[in-house]
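Trainee: Okay, here's the structure, questions in a sec.
The values are calculated or read from the model by the stated rules, or taken from the named source; none is laboratory data. Keep in mind that what you see is a predicted model, and the values were worked out from it rather than measured. Cβ placement follows ideal geometry from the backbone for every residue including glycine, while neighbour counts extend to all protein chains displayed.
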Amino acid sequence: MKKVAIVMGSDSDLPVAEKAVNTLKDFGVPFEVHVFSAHRTPVEAKVFSEKAKENGFGVIIAIAGMAAHLAGAIAANTILPVIGIPVKSANLGGMEALLSTVQMPSGIPVATVAIDGGVNAALLALQILAVEDESISAKLSEKRKKDTATVLEKNKMIEEKYNK
Ligand code: RP5
């Protein structure tokens, strides 16, 4: 089974990475977690990206805040799909990271999820791997069914409380 790489620009991004880690653990999919910065360790980020495919990864999640160039810098050095997670900041709330991550020039795509969207990044990574892996696909379908049942149950409780 292909691995998922979770790369963050700083260890301060760890709370967001943990959301992705927990989701991947739920699915039993192998992953690695790394800290490589587009600005502070650009050489290491480049080497990791260039070797990711031959090292058994199928998709890369890149997490960064502020002037968030990490996802784009990784995407520039691999043909693996890259999912970018912009991280919320104290001053600008993550909007700067969102725009830096999502506004990639034509030719080098980054699939950008919501600010701090660690769960959806992991789910999207799983959906990418599921194209070639029926066991992941089946687990994703099962999760969708459970999530639907949970919402329907909540709706039932709300309707019983307010609609009498
Ligand atoms: C980005 O700058 C990192 O991804 C992090 O979100 C932000 C702040 O990094 P630290 O100053 O906390 O290391 O490169």
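Trainee: Looking at the stretch 103-126, is at least one residue closer than 20 Å to Val29 by Cβ and β-branched (Val, Ile, Thr)?
Mentor: Among the residues of the stretch 103-126, at least one is closer than 20 Å to Val29 by Cβ and β-branched (Val, Ile, Thr), which makes the answer yes.
Trainee: Another question, then. In the stretch 4-23, how many residues are buried (at least 18 other Cβ atoms within 10 Å of the Cβ) and outside any helix (DSSP H, G or I)?
Mentor: Result for the stretch 4-23: 6.
Trainee: Show the residue pairs meeting these rules: Cβ distance below 7 Å; 6+ apart or different chains; first residue within the stretch 131-159 and in contact (Cβ under 8 Å) with a residue 24 or more places away in the chain and farther than 30 Å from Leu80 by Cα; second residue surrounded by 10 or more Cβ atoms within 10 Å (Cβ to Cβ) and of a type outside the set (Val, Ile, Thr).
Mentor: none
Trainee: Take the stretch 38-50 and flag every residue that is out of contact with any strand residue (DSSP E or B) (no Cβ under 8 Å at 6 or more places or on another chain) and either not assigned by TED's automatic domain parsing to the domain that holds Ala67 or not β-branched (Val, Ile, Thr) (or both).
Mentor: Of everything in the stretch 38-50, those that are out of contact with any strand residue (DSSP E or B) (no Cβ under 8 Å at 6 or more places or on another chain) and either not assigned by TED's automatic domain parsing to the domain that holds Ala67 or not β-branched (Val, Ile, Thr) (or both) turn out to be His39, Arg40, Pro42, Glu44, Lys46, Glu50.
Trainee: Of all residues in the stretch 1-24 being hydrophobic (A, V, I, L, M, F, W, C) and farther than 21 Å from Gly93 by Cβ, which is nearest to the ligand (Cβ to nearest atom)?
Mentor: Val7
Trainee: Identify all residues within the stretch 37-74 that are surrounded by fewer than 17 Cβ atoms within 10 Å (Cβ to Cβ) and touching a helix residue (DSSP H, G or I) at 6+ places or on another chain (Cβ under 8 Å); write none if there are none.
Mentor: Pro42, Ala67
Trainee: Do we find a residue being buried (at least 16 other Cβ atoms within 10 Å of the Cβ), assigned by TED's automatic domain parsing to the domain that holds Glu50 and more than 21 Å from Pro15 (Cα to Cα) anywhere in the stretch 109-117?
Mentor: yes
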